[in-house]
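First the structure, in the form of structure tokens, and then the observations on it.
The values are calculated or read from the model by the stated rules, or taken from the named source; none is laboratory data. Since we're looking at a predicted model, the values are computed, not measured. Positions of Cβ are generated from backbone atoms using ideal geometry, with glycine treated the same way; all protein chains shown enter the neighbour counts. When the accessible area is computed, the model is the full protein with side chains, heavy atoms only, and any ligands, DNA or RNA have been set aside. Shrake-Rupley method; radii C 1.70, N 1.55, O 1.52, S 1.80 Å.
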Amino acid sequence: MAAIRQPTNEDIKLLINVKTDKPVKRRRLVTLFQAGFPLYALDFSWRLDKPSRIAYTSIIEGSSNIVGINEVDEYTLGVRAIHTLNQPSIATKIQWIPHSSTHNKDMFATSGDLLRIYEVNSDNRTELLAAMATPNEGIPGYAPVTSFDWSKRDPNFIVTASINNFCSIWDIHKERCIMELFVPDAEIFDVKFHGDNQDQIIVGASDGFLKRYDLRQKSFPEPLFRTEALNPILRVCPSPTEKDIVGLVTINTNFVTVVDLCKPNSILTKIHPPQSNAQGIVFKDRLNQKPINTCDFSPLLPRVCAIGGEDASASMWNLDYEQKVNSGVQCVFGMGVQLSFERVDVFDPVQNIKWSNVLKNLVAFTNGSNIHLVRL
């Protein structure tokens with residue numbers, strides 16, 4: 001059973017001076033939630049009336065998995081469990097509908113064996129609205145959905161990626177696929193709409209190529225970048241403040257490659273975190289050798305990126321030398337300025353990291369059976 005963390009007196013003292021109601025120094029890293037099972041994906045709600053909700057998923061092999069929703073008190077850091085449900089497969093991603101309006105349906109989606117759409121109703125119960133499958137060409141059954149992205153311009157549309165070489169565009173109101181794009185000779189690991197442009201998607205695949213597809217001319221993909229040694233691209237991470245700045249997480253590499261899509265086939269910079277030991281001591285002259293798993297750009301601070309990986313640490317980086325966004329600048333590697341470094345567990349990797357889109361100074365990540373929160 002999951003353990004819900006309640007705020008301590010120390011937390012409250014760090015957050016607010018009770019006598020004067022003046023803010024004081026806030027705690028940077030807090031373990032919000034401890035589950036009795038390993039956690040994988042997470043996402044913050046976009047709704048203005050519920051900005052501090054976090055949806056999360058478990059990663060349990062050979063068993064049904066758990067999808068849960070927690071709500072964080074942004075002042076006391078207390079956590080309230082909203083709802084949990086069982087899902088028959090591991091969810092490769094979870095995402096809230098990217099819309100701040102309180103008039104739309106309160107929905108989130110997960111990918112895995114199927115694309116599932118859920119609605120959270122007024123009494124915080126979760127209802128499955130739709131489960132959509134990607135046909136597996138020539139083979140009985142369905143192709144697993146590796147990732148998906150929700151259109152920010154029109155939340156009625158979702159694009160999914162699959163290992164069967166297809167990207168599918170779904171109309172979730174009609175619960176049907178309205179378009180398919182074929183990516184030859186490559187399993188598709190991640191896909192994103194290009195900013196607010198609903199007519200373009202960016203695809204990362206097993207062939208090591210980053211490509212852009214125009215849905216109006218789906219037969220002509222535009223190659224944007226080719227990774228070193230054609231390493232498969234596992235995650236495509238566009239910046240919400242600059243749509244052409246994209247971070248790439250590739251298989252078994254100990255850095256994040258950042259590219260500018262306005263300059264095809266060129267690297268803007270590499271984020272290569274330093275090595276640290278089990279006590280959290282950072283060795284500034286040694287580069288980490290363990291793979292990076294996750295990357296996410298800040299929705300508030302241009303070119304500030306949070307990353308995490310197999311070395312059980314999370315760090316935040318400012319990619320622009322000139323912009324000082326935090327007094328805690330520690331060291332410089334390549335073109336990145338490291339803003340902070342948090343070691344959370346010497347055994348478990350950081351699987352996913354996400355910024356809040358409404359409370360934009362919050363970033364959370366999964367590590368083992370924990371969800372941690374960092375507040376800037």
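Condition (residue is modelled with pLDDT of 50 or more and of a type in the set (A, V, I, L, M)) applied to segment 4-27: is it met by at least one residue?
no
Out of all the residues in segment 202-239, which are under 13 Å from residue 295 (Cβ atoms) and open to solvent by 20 Å² or more (accessible area, probe 1.4 Å)?
Narrowing segment 202-239 to residues under 13 Å from residue 295 (Cβ atoms): 204, 233-239.
Result: 234, 235, 238.
Go over the candidates 252, 265 one by one and state the one that is touching a strand residue (DSSP E or B) at 6+ places or on another chain (Cβ under 7 Å), on the phi > 0 side of the Ramachandran plot and part of a loop (DSSP other than H, G, I, E, B).
Values: 252 fails: touching a strand residue (DSSP E or B) at 6+ places or on another chain (Cβ under 7 Å).
Only one candidate passes the filter, namely 265.
Among the listed residues 111, 64, 89, 122, which satisfies the condition of being modelled with pLDDT of 95 or more and among the hydroxyl-bearing types (Ser, Thr, Tyr)?
Just one listed residue meets the conditions, 111.
If you take the residues of segment 296-315 that are open to solvent by less than 10 Å² (accessible area, probe 1.4 Å) and not small (Gly, Ala, Ser), which of them is nearest to residue 350 (Cα to Cα)?
The qualifying residue nearest to residue 350 (Cα to Cα) is 307.
If the Cβ limit is 9 Å and pairs must be 6+ apart or interchain, which residue in segment 260-271 that is within 13 Å of residue 248 (Cα to Cα) pairs with which residue that is part of a loop (DSSP other than H, G, I, E, B) and charged (D, E, K, R)?
Going by the 9 Å Cβ cut-off, the qualifying pairs are 260/242; 260/244; 261/243; 261/244.
Taking the condition of being in a strand (DSSP E or B) and not acidic (Asp, Glu), how many residues in segment 83-134 meet it? Explain how you work it out, then say what you get.
Quick first cut of segment 83-134, residues in a strand (DSSP E or B) only: 83-87, 93-96, 107-111, 115-120, 126-132, 134.
With not acidic (Asp, Glu) added as a condition, the list becomes 83-87, 93-96, 107-111, 115-118, 120, 126, 128-132, 134.
Final tally of qualifying residues: 26.
Could you please let me know if residue 187 is over 22 Å from the mean Cα position of the chain (by Cα) and either modelled with pLDDT under 95 or farther than 25 Å from residue 100 by Cβ (or both)? Outline the logic, then answer.
Working: over 22 Å from the mean Cα position of the chain (by Cα): no; either modelled with pLDDT under 95 or farther than 25 Å from residue 100 by Cβ (or both): yes.
No: the conditions fail for residue 187.
Rundown of residues vs (1) under 27 Å from residue 372 (Cα atoms); (2) open to solvent by less than 40 Å² (accessible area, probe 1.4 Å); (3) of a type in the set (Gly, Ala, Ser); (4) at pLDDT below 90, yes/no style:
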site	(1), (2), (3), (4)
78	yes, yes, yes, yes
95	yes, yes, no, no
129	no, no, no, no
150	yes, yes, no, no
155	no, yes, no, no
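For residue 374, all conditions in the list (1) more than 30 Å from residue 230 (Cα to Cα); (2) modelled with pLDDT under 70 hold save one; what is the number of the exception?
Against the list (1) more than 30 Å from residue 230 (Cα to Cα); (2) modelled with pLDDT under 70, residue 374 comes up short only on (2).
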